[in-house]
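So the structure is just underneath, and the comments pick up after that.
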Amino acid sequence: MNLKLIKGMRIVAATHNPGKVPEIAALLGQDYEILTAGQLALPEPEETETTFGGNAMLKARHAARLSGEVALADDSGLSVAALDGAPGVYSARWAGPSKDFALAIRKVETRLEERGDPDRRAWFTSALAVAWPDGPCLVVEGVVEGALTFPPRGDRGFGYDPIFIPDGGTQTFGEMEPAEKDAISHRARAFAKLRAALID
Ligand code: ITT
């Protein structure tokens with residue numbers, strides 16, 4: 001069995017988050033035919049695991065099984081030091097059923113005010129899993145550390161990008177050019193590991 005990503009191969013981007021699709025496509029580059037879970041009308045699985053890696057594998061395996069193609073899934077989120085790592089794997093759920101990230105961001109700010117802790121350190125984690133329809137699955141993880149800022153700044157990116165400034169920078173992920181974010185993000189760091197393992 002060939003557990004490599006070969007040029008020209010079809011890969012299902014097993015995500016229903018439209019913010020992730022261009023980032024995954026940019027990281028994979030031009031060498032693959034990318035199909036999205038949305039295009040294939042794949043149902044969204046329930047994320048029942050308690051770790052990023054566990055949920056990434058669950059989503060990749062689900063999409064590979066239903067599509068019969070190699071599937072790549074991302075499970076990611078924002079962890080805030082002063083909130084003991086929350087929202088973490090619940091990052092999407094803090095935005096509620098209408099996926100309202102203005103609401104999720106206000107929730108982070110309110111929880112920080114309630115704690116009264118001035119520590120604004122935070123980090124994004126991305127677990128990327130690649131699953132083959134006949135069973136094998138590989139998972140890797142990338143992290144980017146930074147600090148939170150309020151009020152939110154910038155309308156690029158998605159999710160919590162407007163409140164996150166990566167270490168060493170001054171702009172939020174929401175203010176950066178997509179290529180700048182893609183050069184240093186948690187997803188890019190996970191992808192570098194994936195590339196080392198699966199791409200010649
Ligand atoms: P899929 O499971 O369909 O991929 P999702 O949005 O439910 O979509 P996750 O369960 O991985 O995905 O949730 C991660 C949430 O964390 C996501 O909704 C974002 O709000 C946030 N997040 C992850 N990566 C981010 C990034 O690069 N910038 C900003 N927010 C991010």
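The values are calculated or read from the model by the stated rules, or taken from the named source; none is laboratory data. All values derive from a computational prediction rather than experimental measurement. Counting neighbours? That spans all protein chains shown, and the Cβs are built from the backbone with ideal geometry, glycine included. For the accessible areas, the whole protein counts, side chains as well, though only heavy atoms, and no ligand, DNA or RNA atoms are used. Shrake-Rupley method; radii C 1.70, N 1.55, O 1.52, S 1.80 Å.
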- Query: Based on the Cα atoms of the chain, what semi-axes does the equivalent ellipsoid have, where each is the square root of 5 times one gyration tensor eigenvalue, given in whole Å with the largest first?
  - Reply: 30, 17, 15
- Message: Output needed: percent of Cα pairs per 10 Å distance bin for the stretch 99-140, bins running from 0 to the one holding the longest distance.
- Response: 21, 30, 21, 20, 9, 0
- Query: Stretched out fully, how many nm does the piece from Arg121 to Ala25 gain, at 0.36 nm a residue minus the Cα gap?
  - Reply: 31.6 nm
- Ala102-Glu180 pseudo-label distance in nm [points 7 Å out on the Cα-to-Cβ vector]: 2.5 nm
- Alpha carbon convex hull of the stretch 112-200, projected area averaged over orientations, nm²: 7.7 nm²
- Query: To the nearest 10 Å², what's Trp94's accessible area with a 1.4 Å probe?
  - Reply: 30 Å²
- Normalised contact order of the chain, rounded percent, pairs of Cα under 8 Å and 6 or more residues apart: 19 percent
- Item | Computed [θ] at 222 nm, deg cm²/dmol, the chain (DSSP H ≥ 4; -39,500 (n - 2.57); rounded to nearest 500) | -9500 deg cm²/dmol
- Query: How would you order 54-61, 9-16, 142-149 from highest to lowest mean count of nearby Cβ atoms within 10 Å?
  - Reply: 54-61, 9-16, 142-149
- Message: Of Ala73, Met57, Ala102, which is farthest towards the positive pole of the stretch 19-158's charge dipole, taken about the Cα centre with +1 and -1 on the beta-carbons of Lys, Arg and Asp, Glu respectively?
- Response: Ala102
- Message: Can you give me the orientation-averaged projected area of the convex hull built on the Cα atoms of the stretch 1-77, in nm²?
- Response: 5.3 nm²
- Item | Computed FRET value (nearest 0.05) for Arg10 with Arg153, which takes r as the C-beta separation and R₀ as 41 Å | 0.60
- Item | Nearest-20 debye value, the chain charge dipole, Cβ charges on Lys, Arg, Asp, Glu | 260 debye
- Note on the structure: Per the rule of 0.36 nm per residue minus the C-alpha distance, extending Gln39 to Arg195 adds in nm 53.7 nm
- Among Phe124, Phe158, Phe173, whose mean-square fluctuation peaks in a Gaussian network model of the chain (Cα, cutoff 10 Å)? Phe158
- Message: Once neighbouring chains are kept in place and the probe is 1.4 Å, which whole percent of the accessible area of the chain is contributed by carbon and sulfur?
- Response: 52 percent
- Query: Between the stretch 86-122 and the stretch 1-60, how many Å separate their Cα centres?
  - Reply: 26 Å
